[in-house]
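The values are calculated or read from the model by the stated rules, or taken from the named source; none is laboratory data. Owing to the predicted nature of the structure, the values given are computational and were not obtained by experimental measurement. Every residue, glycine as well, gets a Cβ built from its backbone with ideal geometry; the counts of neighbours run over all protein chains shown.
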Amino acid sequence: MPYRLPRSYNKWIMTLANIDPRILAALRSLRSGGWSYKRRHSAQPDLLSSLSRDLGYPAVWGDVTRLPAHGGPQATATWKELGVKGRNGIGGIPCELVHANASGGSCSKNVVLRGSQAFASALAIYLPVHFLPILLTRPQYLLRPSNLLHTLLAVLRSASFLSTFVSTIWAAVCLTRTLLLARLFPRISHDVWDGPFGCTFAGSLVCGGSIWIEQGRRRGEIALYMLPRAIRACLPERWVRSGAKGVQWGERLAFVLSLATILTAAVHRPDSLRGLSRWALAFIMKGPNAGFWKRKRRGESVPPTPIEKAPGAETLPKPYVLRRR
């Protein structure tokens, strides 16, 4: 139910996942009952047939009335008749249509290709995330090669996290519907393996483990970024969009508590904040006299303010101190 997520967030996920919208429409139809292997029914008969044609495969590969619902010898005979290779003993949509890329029917190639594409996209995302706060607050930090290398390694680590997140989803999907579970239990219909509690559910369970690639502090930030969206997705859509007083007061209460927590941390535990949030809150709480903004205004090369001495302080005799022998 992507409509429960913010539009910008949903668009970012769809871009990173790079899934053909017709595959998503078929999965949603499976969930709603508009698509069924067992009943050989589809509310949109040309949904995957058009995808198959666009990819250069026979249109019949996407025809639900011809696709086997279960595995076994009958499925093997059907695939031989349709000219599909690599799916002997299992049913469902051919991997060539699910992958919808240059990997063809190879699940391992698809995982590697998806992971590589996600890694390249993640670099474009995390380079400014890691470097921009440093460039805005303490650019001299990057002048030391060791600090620059440390920041670059952090970027690669974050990109690896996102790449692993995407590739593990696809690995779990292929293991569920093609490589492992569907072969172990051929009598179970692909209405289950391709349904909401099948391959997509397995991918959602597995991909979360990629968070352990990130550093501990980054894991906390990602959790705080994801938590509000997860809560929003669990709330009833009608109630959220109704604009009732309960919704308004809930939003206000959440905002007040969140802002109070952040401001309290800025005063009593500033070390728990980092990046732009730390410096912005320091300016809000202390104004131009905040350490960073004061140094920024004066410049790093400005020497410390000299301490004025009282007149004649240097000519005064030093006090006599009695020392024991």
Looking at the stretch 105-119, which of the residues that are under 10 Å from Leu162 (Cα atoms) and hydrophobic (A, V, I, L, M, F, W, C) is surrounded by the fewest Cβ atoms within 10 Å (Cβ to Cβ)? Phe119
Testing Gly92 on (1) crowded, with 16+ Cβ neighbours inside 10 Å; (2) under 22 Å from the mean Cα position of the chain (by Cα), one condition comes back false. Which one is that? (2)
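So how many residues does the stretch 69-114 have that are assigned to a helix (DSSP H, G or I) and of a type in the set (Val, Ile, Thr)?
To start, the set of residues in the stretch 69-114 that are assigned to a helix (DSSP H, G or I) comprises 73-82, 95-99, 107-114.
Next cut, of a type in the set (Val, Ile, Thr) only: 76, 78, 98, 111-112.
Selection size over the stretch 69-114: 5.
Okay, residues lined up against (1) surrounded by 10 or more Cβ atoms within 10 Å (Cβ to Cβ); (2) assigned by TED's automatic domain parsing to the domain that holds Thr176; (3) among the aliphatic types (A, V, I, L, M); (4) under 29 Å from Leu281 (Cβ atoms):
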residue	(1), (2), (3), (4)
Thr200	yes, yes, no, no
Ile222	yes, no, yes, yes
Ile231	yes, no, yes, yes
Trp249	yes, no, no, yes
Using the structure shown, decide if Ala69 is closer than 20 Å to Ser36 by Cβ and of a type outside the set (Ser, Thr, Tyr). yes
